[in-house]
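This report refers to the structure that appears directly beneath it.
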Amino acid sequence: IRHYFNCRERSKDNNKLLPSLDDWNLLRQTYTLIVDNTKKWNDPIPPTEGYSFEQQGKGVAAIPPPYYAKQSKGKGRGLFASRDIKKGELVHNGEISDIIFPGDDAIKWKEFIFSLPRNFACDCTDWHWMQMKHVNDDYHMVAALDISVLMNSGGEEFGPGRTPNVLPEDKYSGKQFALRDIAKDEEILTDYDAYWTEWSEVGL
C-alpha cells in the first residue's frame, strides 16, 4: 500500500501541516461511509484538541487530554503537554479515542485507505497500528481520528532527550501513563514498539 501511494516521500516530510478540522472531518466521514455507517461523531471536544478525556458532569464542559498538537523539531508533527503532568498520571486514554477496524483480515482498513486522497492515505499508514485488546485476542487494525495519533515515538536512536516519557500499562491497553514528571510544553513521547507489529497477522 505504501509503495502504491509512494508514501516514503510523504513520511520523510517534516514540514507537513497539522491536520485541520476539515481534514479530520473528511477522515471521519470516510470511516462512516466505508467502514461503519452507524458510527456517530458527537464528542463535544473537536478532533483538533483530541477527545473527551474527562467528563465533568451534567452542564459542565468536557475536558480534552493534557496535550496539544504542534510541529516537532526533526519529527514533523507531535504532541506537547498542555500543563505540568505528574509521574504515574494518565496522559492518554485510547480506550476512549481508539477505533478498531472490523475483521481480522484488514479488508475494511484497506478499503478505507484506498478511499482517501494520497496524502491522507500515507498519513494513516503511519498513524495506524495493530494490537490485541485482551489475552488470546486476534490482532486488529487500530486507529484514532483525532490528534492523539500524532504522538511520536522516543528512543535512544532519536538522540539525547528523546526517550519515552509515557507508556501503556501493558500491550493490550490503550491507556498511556507518565513515566516521570513531564513539564508543560515538553513533547510527549511513547514507544511504538510497545505494540508488537507483524502486518501479516492482519493480512497485510
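Is it the case that Lys87 is among the charged types (D, E, K, R), assigned to a loop (DSSP other than H, G, I, E, B) and either out of contact with any helix residue (DSSP H, G or I) (no Cβ under 7 Å at 6 or more places or on another chain) or within 30 Å of Gly154 (Cα to Cα) (or both)?
yes
Out of the residues in segment 110-169 that are of a type in the set (Phe, Trp, Tyr) and in contact with a strand residue (DSSP E or B) (Cβ under 9 Å, 6 or more places away or on another chain), state the one that is nearest to Asp13 (Cα to Cα).
Kept after step one, since they are of a type in the set (Phe, Trp, Tyr), are these residues of segment 110-169: 112, 114, 120, 127, 129, 139, 158.
Subsequent filtering for residues that are in contact with a strand residue (DSSP E or B) (Cβ under 9 Å, 6 or more places away or on another chain) retains 112, 127, 129, 139, 158.
Values: Phe112: 23, Trp127: 15, Trp129: 20, Tyr139: 30, Phe158: 16 Å.
So, considering only residues that are of a type in the set (Phe, Trp, Tyr) and in contact with a strand residue (DSSP E or B) (Cβ under 9 Å, 6 or more places away or on another chain), the one nearest to Asp13 (Cα to Cα) is Trp127.
Which residue out of Leu33, Leu26, Leu116 is in a loop (DSSP other than H, G, I, E, B), modelled with pLDDT of 95 or more and over 24 Å from Phe158 (Cβ atoms)?
On the way: Leu33 fails: in a loop (DSSP other than H, G, I, E, B); Leu26 fails: in a loop (DSSP other than H, G, I, E, B).
After applying the criteria, what remains is Leu116.
Identify, please: which residue in segment 160-179 is over 18 Å from Pro65 (Cβ atoms) and in contact (Cβ under 8 Å) with a residue 12 or more places away in the chain and is, among those, surrounded by the most Cβ atoms within 10 Å (Cβ to Cβ)?
My answer is Arg162.
Of everything in segment 118-157 that's open to solvent by 60 Å² or more (accessible area, probe 1.4 Å) and in contact (Cβ under 8 Å) with a residue 12 or more places away in the chain, which residue is farthest from the chain's Cα centre (by Cα)?
First, pick out the residues of segment 118-157 that are open to solvent by 60 Å² or more (accessible area, probe 1.4 Å): 118-119, 126, 134-136, 138, 156-157.
Then keep just the ones that are in contact (Cβ under 8 Å) with a residue 12 or more places away in the chain; that gives 118-119, 126, 134-135, 138.
Numbers: Arg118: 19, Asn119: 16, Asp126: 9, His134: 19, Val135: 22, Asp138: 20 Å.
Ranking the qualifying residues of segment 118-157, first place goes to Val135.
Is segment 183-203 home to any residue that is touching a residue at least 40 places away in the same chain (Cβ under 8 Å), at negative phi, in a strand (DSSP E or B) and of a type in the set (Gly, Ala, Ser)?
no
Tell me which residues, restricted to segment 1-17, are open to solvent by 30 Å² or more (accessible area, probe 1.4 Å) and either assigned to a helix (DSSP H, G or I) or touching a Leu at 6+ places or on another chain (Cβ under 8 Å) (or both). Outline the logic, then answer.
Of all residues in segment 1-17, those open to solvent by 30 Å² or more (accessible area, probe 1.4 Å) come to 1-4, 6, 8-15, 17.
Correct list: Ile1, Arg8, Glu9, Arg10, Ser11, Lys12.
The values are calculated or read from the model by the stated rules, or taken from the named source; none is laboratory data. Source: prediction; values computed, not measured. Backbone-built Cβ (ideal geometry, glycine too); neighbour counts: all protein chains shown. Keep in mind that these areas ignore ligands, DNA and RNA; they rest on the heavy atoms of the full protein, side chains included. Shrake-Rupley method; radii C 1.70, N 1.55, O 1.52, S 1.80 Å.
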